[in-house]
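The values are calculated or read from the model by the stated rules, or taken from the named source; none is laboratory data. Please read these numbers as outputs of a predicted model, since none were measured by experiment. Here the Cβ positions follow ideal geometry from the backbone for every residue, glycine too, while neighbour counts run over all protein chains shown. In case anyone asks, the SASA skips ligands and DNA or RNA and just uses the protein heavy atoms, side chains included. Shrake-Rupley method; radii C 1.70, N 1.55, O 1.52, S 1.80 Å.
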Amino acid sequence: MKIGMRKLTARSRLALVLEFLRRHPPQSLLAQRYGISQSTVSRELHHSIPILYIYCRFINWPERPITESWCNAIGAIDCTSHFRCRVHPGQALYYRGDKHGHFITAQVICSLRGEIWSICLGLGHNNDQGFLKLSKKDKHLILHDMILLGDGGYRGNTNIITPDDDKDLRWNYEQMANRAVVEVINSLVKNWKSAELKFSMSPEMQEMTLMVCYNLVAKHLHMFPLNYTITNPDKRACEEK
């Protein structure tokens, strides 16, 4: 049978896409592994990833009040970079000098226990504070009276508690330890190599691929929650904030 003439079963098609998401091998290698042509691999990816994007919906804002908090913060926020090849035209929109590359920014909001509440994707040239405003999540936090933990990139936002040089070392250590949960989520997502390695397909395909990866991690965390302990400072330290 000639290469490219093999007909894949539904199970094999799904396995091909999941292998692409998990390992991000060259399409030529996938073609060799599954006994099909490279153009068939490309068609399968362009067909199946949008379907997974539509049906993988495991990320939602909490429906019940959150009782666990640290200094009234019930979650954490952070941005992470997903690098890609240059885009023509408009490559400047994806480039940031301090990152030395082109990428899509992902803004992650999660609970202090590691439940993913929100993912927003945007152009790489935005910084953390700027993207918070573009995503309108700053207004969401105000509307729902929600306090989050963040790094120094969010300094000045009244609904995000950031490191504070006026606080003692213990307070800053606990703030850092409690917000680290969002960095753990970023690491879990980048275990899916399509979210970690440089992406060569279109920005639209990259965004759908990233959302699938984030949703698969969210599903995993629903079944196997992070065993995260929230560190609580004394009441006085919180009131001082």
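A residue that is within 22 Å of Gly114 (Cβ to Cβ) and free of Cβ contacts under 8 Å to residues at least 24 places away in the same chain occurs nowhere in the range 207-217.
Taking every residue in the range 160-188 that is closer than 25 Å to His82 by Cα and open to solvent by 40 Å² or more (accessible area, probe 1.4 Å) and pairing it with any residue that is in a loop (DSSP other than H, G, I, E, B) and modelled with pLDDT under 95, at least 6 positions away or on another chain, the pairs with Cβ-Cβ distances below 7 Å are Val184/Gly114; Val184/Leu226.
Listed by position, the strands (runs of 3 or more DSSP E) enclosed by the range 51-135 that each have at least 3 residues that are touching a Cys at 6+ places or on another chain (Cβ under 7 Å) are 101-111.
Among the residues making up the range 109-133, those that are farther than 19 Å from Arg84 by Cα, of a type in the set (A, V, I, L, M, F, W, C) and within 11 Å of the chain's Cα centre (by Cα) are Ile109, Cys110, Ile116, Trp117.
Here's the yes/no breakdown for (1) assigned to a helix (DSSP H, G or I); (2) polar (S, T, N, Q); (3) farther than 16 Å from Cys79 by Cβ; (4) modelled with pLDDT of 95 or more:
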| site | (1), (2), (3), (4) |
| --- | --- |
| Thr158 | no, yes, yes, no |
| Asp165 | no, no, yes, no |
| Arg170 | yes, no, yes, no |
| Val212 | yes, no, yes, yes |
| Tyr228 | no, no, yes, no |
| Pro233 | no, no, yes, no |
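Taken together, the residues in the range 75-100 that are open to solvent by less than 30 Å² (accessible area, probe 1.4 Å) and at pLDDT 95 or above amount to 9.
If the requirement is being closer than 26 Å to Lys193 by Cβ and either open to solvent by 40 Å² or more (accessible area, probe 1.4 Å) or outside any strand (DSSP E or B) (or both), which of these qualifies: His140, His46?
After applying the criteria, what remains is His46.
Conditions (1) over 19 Å from Phe199 (Cα atoms); (2) surrounded by 13 or more Cβ atoms within 10 Å (Cβ to Cβ); (3) among the β-branched types (Val, Ile, Thr); (4) within 26 Å of the chain's Cα centre (by Cα), marked per residue:
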| residue | (1), (2), (3), (4) |
| --- | --- |
| Leu21 | no, yes, no, yes |
| Pro26 | no, no, no, yes |
| Leu29 | no, yes, no, no |
| Ser42 | no, yes, no, yes |
| Tyr53 | no, yes, no, yes |
| Arg57 | yes, no, no, yes |
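Glu63 satisfies every condition listed in (1) in contact (Cβ under 8 Å) with a residue 24 or more places away in the chain; (2) surrounded by fewer than 16 Cβ atoms within 10 Å (Cβ to Cβ); (3) not polar (S, T, N, Q) except (1).
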